[in-house]
1. Quickly run through segment 75-95 and pick out the residues that are in a helix (DSSP H, G or I) and in contact with a strand residue (DSSP E or B) (Cβ under 8 Å, 6 or more places away or on another chain).
2. Can you pull out every residue in segment 344-396 that is exposed (fewer than 14 other Cβ atoms within 10 Å of the Cβ), within 24 Å of Val415 (Cα to Cα) and polar (S, T, N, Q)?
3. Give the residues of segment 166-206 that are touching a residue at least 40 places away in the same chain (Cβ under 8 Å) and hydroxyl-bearing (Ser, Thr, Tyr), sorted by residue number.
4. For residues that are crowded, with 19+ Cβ neighbours inside 10 Å and not small (Gly, Ala, Ser), scanning just segment 47-65, find the one that is modelled with the lowest pLDDT.
5. Does Glu286 qualify as being closer than 30 Å to Arg120 by Cα and either part of a helix (DSSP H, G or I) or modelled with pLDDT under 95 (or both)?
6. Mind listing whichever residues of segment 387-428 are in a loop (DSSP other than H, G, I, E, B), in contact (Cβ under 8 Å) with a residue 24 or more places away in the chain and of a type in the set (Gly, Ala, Ser)?
7. Output the residues belonging to segment 128-151 that are in contact (Cβ under 8 Å) with a residue 24 or more places away in the chain, polar (S, T, N, Q) and assigned to a helix (DSSP H, G or I).
Amino acid sequence: MSLFDAAEQQNRDGARPLAARMRPRTLEEFCGQQHILGEGRLLRRMLAADRVGSMIFYGPPGCGKTTLAELIARQTKRRFERLNATTAGVKDVRELLQAATDRLSVSGIQTVLFIDELHRFSRSQQDILLPDVESGVISLIGATTANPFFSLVAPLISRSQVFEFRELSQEELRQLLQRALTDTARGLGALGVEVDEGAMQFLATLSDGDGRRALTALEIAVLSVSRTTRLVDLEVAKESMQKRVVRFDPGGDDHYDVASAFIKSIRGSDPDAALYWLARMLESGEDPRFIARRLVIAASEDIGNADPQGLPLAMAAFQATETIGMPECRINLAQATTYLACAPKSNAAYVGIDRALSDVRQQSVLPVPMHLRDGHYAGAERLGHGVGYQYPHDTATGWLPQDYLGVEKVYYEPVDRGREAHFRRKLEDLRRLRRGESSVSGGEAGAGGGGGGGEGVFG
């Protein structure tokens, strides 16, 4: 390298942002992902044995996917090639695969092909990779923020080891920031700027596990005070951190995971957790109508007849959301959310219909009993349709022991909570009476048009 080349390289290095300059050069410097890279963990063992095959790195931005791919190539002495699926075409992929084949044939050097945003490749583009992945010409490392089991073709998944990356913890982010502050060669150590505890904690908290975001904010903060106070306090840190953007992908994991947490919090009768997940969805830009629809479903799926008011309240919240929109409809959604979370719970109706559907789909179809068939046409009586049907309203109790199915089945089993506790006791009595047994409450049903007691059953 000439003096001119060295000067040019120095200029380029000086222009690189802090996050790029602080990329780890060794596995020992790498921060986070100890669940896959710690001592004795799978990826660490694979590297120690130099048995690196194709891998899928799946996780949020700024958690080290690209960096680790580079470190793996360096440690295993393989050629590192990089593509971004958002800009690379089929021609680019084929050229790299051919070069990798030639390199392996001539020099015996294997290639690590890193493809960022791999989920952006079409199915046909992903298929192009399969022969060289299977033959070992390349070790593919695909990085994706989308769940690979939904976004990548099954043959590629089956030929790769999937590693899920996690957001960096606050402690790991603090270590990253501290290293950048003290590193005089690549970091900010030469500037002699201090960061107080409040500012450091703020940066670690508001970065949401994204190391790149944390380092970017730190660089802005330090450079903005390096010639004045030489102290980054909480106020400076707040000014340096861009407006928090809650990560959201309408078709990705965040959409489904947060919605799942929301519904499960309602089901678990935790209004505080439910409100937090509601806020997460609203702040991230989730369609409030989607949230309202989920509340309507939860009102029947999880509350049901334990509190029959849950469904009309959820429907009212849905209508209000449609009519009012954001930001005011957040109040309607919050009201419905907290009501459903605090309401008694029952999934008996949900379980009951699924049991009935299972029988309809898998068992012989039951014929409609003759006395229940439509008798409102000329000739029905000659066919026996409707003959023998007894009108329950003609009885004093509004009930009589009449067969409505032809076989004995129990689909709906109310729980002993809320309004369903009353339903449960009532149905237990009715089922006993239908079998000709005495009611627990002492009520009896009359046959035909007769009445009988039964206030304990029918009240």
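1. Asp92, Val93, listed by residue number.
2. Correct list: Ser358 only.
3. The answer is Ser169, and nothing else.
4. Once the filter is applied, the top-ranked residue is Val52.
5. So Glu286 fits the description; yes.
6. Ala396, Gly398, Gly406
7. Ser151
Yes/no per residue for (1) out of contact with any strand residue (DSSP E or B) (no Cβ under 6 Å at 6 or more places or on another chain); (2) touching a residue at least 12 places away in the same chain (Cβ under 8 Å); (3) over 28 Å from Arg23 (Cα atoms); (4) not aliphatic (A, V, I, L, M):
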| position | (1), (2), (3), (4) |
| --- | --- |
| Pro60 | yes, yes, no, yes |
| Ala73 | no, yes, no, no |
| Leu97 | yes, yes, no, no |
| Arg123 | yes, yes, yes, yes |
| Gln126 | yes, yes, yes, yes |
| Ala154 | yes, no, yes, no |
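The values are calculated or read from the model by the stated rules, or taken from the named source; none is laboratory data. Values in this document were obtained by computation on a predicted structure and should not be read as measured data. Don't worry about glycine lacking a Cβ; one is built from the backbone with ideal geometry, like all the others, and counts go over all protein chains shown.
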